[in-house]
């Protein structure tokens, strides 16, 4: 627990330094088997990726919502990632391994807005991994549900 | 009754089993679907983790404020921790999480805490330790609250889980019971299926045996049997039919009957088959069946019956029986009867003839004295006249004349003798001593003899004798009686003839008799007398002034009748004609 705390502190420090260095604060750190990694990405960089929308329900909200973001596989391709799985970490230190095959099989996105409103850090923002749950019944399973990382802050390609 | 019960049970049991089978299967399927649905675990049922994370966020915020008091962290760090806690509240106040919090009764507390969180002053850029302490105190109850919430959540979730497991266990038990039921009904169905199969095989065997037996019966029947369907096509043709009709089953089956043999196209047979196809049984006796030209036919009895299935006529069956022997016997019997009848007619006629003759004879003898005086007078007169002439001539008579007169006298006497004999014969006949003496006798010869004698006795009357060239004049009679009858008739005619007229006699015949007509142009018989001329001792008005006893015609008729003949007076046509009828010797076949 303590180690985790220290690690998150280190990330925050990094983020802070980036923020100081660039115009906009970085929102996502990508590390592991990528070209020129690790790398810090800010919103403008993320918005440069092709943007798509997904209409789906979630297990923690009522009704369906429209999420806007970019495809996970576009990001990994953009960064020339080589691994077969991705370790995603949230601001609250929630960590989960996601097989890279998910991103090939399904249109998994990293959303930055819900119903046209930017996701807030005090809610589930700024980034939320969204699966197209309503389009594929096999995704309506708790083994997929835990891969929906909200307050996503870091990705490590393994 | 037992059989009915058995059959009913055999039918009802599988139906009930199938019904139960379906119900149980549906029931267990529904239950399984329910279990399958229940087995989905929703994230909302992961509330313990949510509470834990919330507690963790609260503790780390408090921890961060402590560190801030010590100057170890800056305001940005506090802000991050505060945002993470706020995000927990956002989560707990949304959707399924919100409902769960309500369930465990912490909704109000959560709302108060949320309000506290919202009312916090915005964090200043320069975060002082005092401010940090102030924040820590304000948030002091948060971790404990989430610990308590986690506690309640765990208990509620375990209760829920226990309930769900119990429900699932109950559903599984019901499914197991249903499956046992399905197995039992399956076993019953299998059992009834095996039973039904066995029964069906048994019935098939019996049916086959019955069919074979029926086939054997039909093929070994002596009667010809054929069947037609409702369209009139032959469907059955047994060997007896083949031998009767000379057509094999292969030639007959599948074809129209009238094409198989013309016999079936003759009106009565065709009608009988048509009747049977309309539902009526028909029987025909002694139908002639010609199989080959110039051969005697078979006579067959035919019975045509309709074949019905569930009351509907589906065809006809024809039984044909060779009745030739019976037909021959019947024909023979008819022939015998006809011969017998003919015989009876013949005998009756003979008896009638005999009766007539007997009556005539009786009559004759009743009038014997009169007859004697009448009959004997003519020959005696002839003999007497011949002898008187001889006496008158005396010595002047030459030998030739003597001989001629003597012969004339002798002939007359001979005729007299014959008459006596015949009369005696008749007397014997009357007494039953002899039958009528009936022999072949040529009536032309008898007439010649009588005519010659009459010419001699009555030279002043012209007597003409005729007969047709082709006449068959041989009659069956007593020649003496025939001679006597003709003698009587001719002398009668001569007696009543006017002088210098002629009397003619003509022999002719019809299909069964020889006839002799004695025709005179003499004084006509009075109309009133015609009915009485054959009565003994009757003398008509025209006999006044002539000699006679009135028995000549009576005797003639009596004698003729004694021989199966007749003497009659033909209707008046200007002449007086008496006719002698005698049966021809050669019979009626001319």
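Rule-based calculations on the coordinates, nothing more; no lab input. Please read all numbers here as calculations on a predicted model, not as lab measurements. Neighbour counts are summed over all protein chains in view; Cβ atoms, including those assigned to glycine, are modelled from backbone coordinates with ideal geometry.
Some notes on this structure:
- Exercise: per-residue mean of other protein chain Cβ atoms within 10 Å, B:84-91: 5
- Size descriptors for segment B:272-342 (Cα atoms only): Rg and Dmax, in that order, 16.9, 58 Å.
- One chain, two ends: residue B:343 and residue B:468. Fully extended at 0.36 nm per residue, the span grows by 41.6 nm beyond their Cα-Cα distance.
- Sorted by Cβ density within 10 Å, fewest first, the residues B:578, B:534: B:534, B:578
- A simple spin-label model places the labels of residue B:535 and residue B:93 17.0 nm from each other, with each point 7 Å out along Cα-to-Cβ.
- Treating r as the C-beta distance of residue B:16 and residue B:160 and R0 as 41 Å, the FRET efficiency rounds to 0.50.
- For segment B:6-96, a/c is not less than 1.5, where a ≥ b ≥ c are the root eigenvalues of the C-alpha gyration tensor, and a/b tops b/c. That puts it in the prolate class.
- Relative to the longest principal axis of the Cα atoms of chain A, the long axis of helix A:2-21 makes an angle of roughly 80 degrees.
- Once the Cα atoms are used to define both axes, helix B:141-220 deviates from the longest principal axis of chain B by about 20 degrees.
- Part-to-part distance (alpha-carbon centres) for segment B:264-327 and segment B:14-79, which is given in Å: 94
- Efficiency of FRET from Cβ geometry, residue B:267 and residue B:216, R₀ 35 Å, rounded to 0.05: 0.50
- Gain on full stretching of the segment that runs from residue B:448 to residue B:187 - 0.36 nm per residue minus C-alpha separation: 81.2 nm
- Value of D in µm² per second that Stokes-Einstein yields for chain B, Kirkwood Rh from Cα pairs, at 25 °C (0.890 mPa s): 61
- Shape descriptor for segment B:98-200: Rg over Rh equals 1.56 (Cα atoms; Rh from the Kirkwood inverse mean 1/r).
- Cα-based shape type of segment B:222-322, given that a ≥ b ≥ c are square roots of the gyration tensor eigenvalues and the cut on a/c is 1.5: prolate
- Sorted peptide list for B:468-478, A:115-125, criterion being average Cβ within 10 angstrom, highest first: B:468-478, A:115-125
- Estimated distance in nm for a label pair at residue A:82 and residue B:172, the labels positioned 7 Å out from Cα along Cα-to-Cβ: 4.9
- Tilt relative to chain B, helix B:129-138 - C-alpha long axis, 0 to 90 degrees, to 10: 40
- Mean partner shielding of peptide B:106-114, defined as the number of other chain Cβ atoms within 10 Å of each residue Cβ, is 0.
- Spacing of the two label points (7 Å from each Cα toward its C-beta) at residue B:34 and residue A:51, in nm: 5.0
- Estimated from the Cβ-Cβ distance and a Förster radius of 41 angstrom, the FRET efficiency linking residue A:43 and residue B:27 is about 0.10.
- Where N is the number of residues in the protein assembly as shown, Cα Rg divided by 2.2 N^0.38 Å: 2.84
- Rg over Rh for chain A works out to 0.94, using Cα positions for both radii and the Kirkwood form for Rh.
- With q set to 0.11, 0.12 Å⁻¹, the log10 of I(q)/I(0) for segment B:1-220, from the Debye formula over equal scatterers at the Cα positions, is -0.74, -0.81.
- Shielding by partners - mean other protein chain Cβ count within 10 Å, residues of A:75-86: 0
- Value of [θ]222 nm, deg cm²/dmol, for chain A, DSSP H segments ≥ 4, -39500 (n - 2.57) each, nearest 500: -7500 deg cm²/dmol
- Anisotropy class of segment B:317-357 from Cα gyration tensor, a/c 1.5 cut: prolate
- Contour minus Cα-Cα distance for residue B:305 and residue B:243 (0.36 nm per residue): 20.1 nm
- In percent, rounded to a whole number, the relative contact order of chain B is 9, using alpha-carbon pairs under 8 Å and six or more apart.
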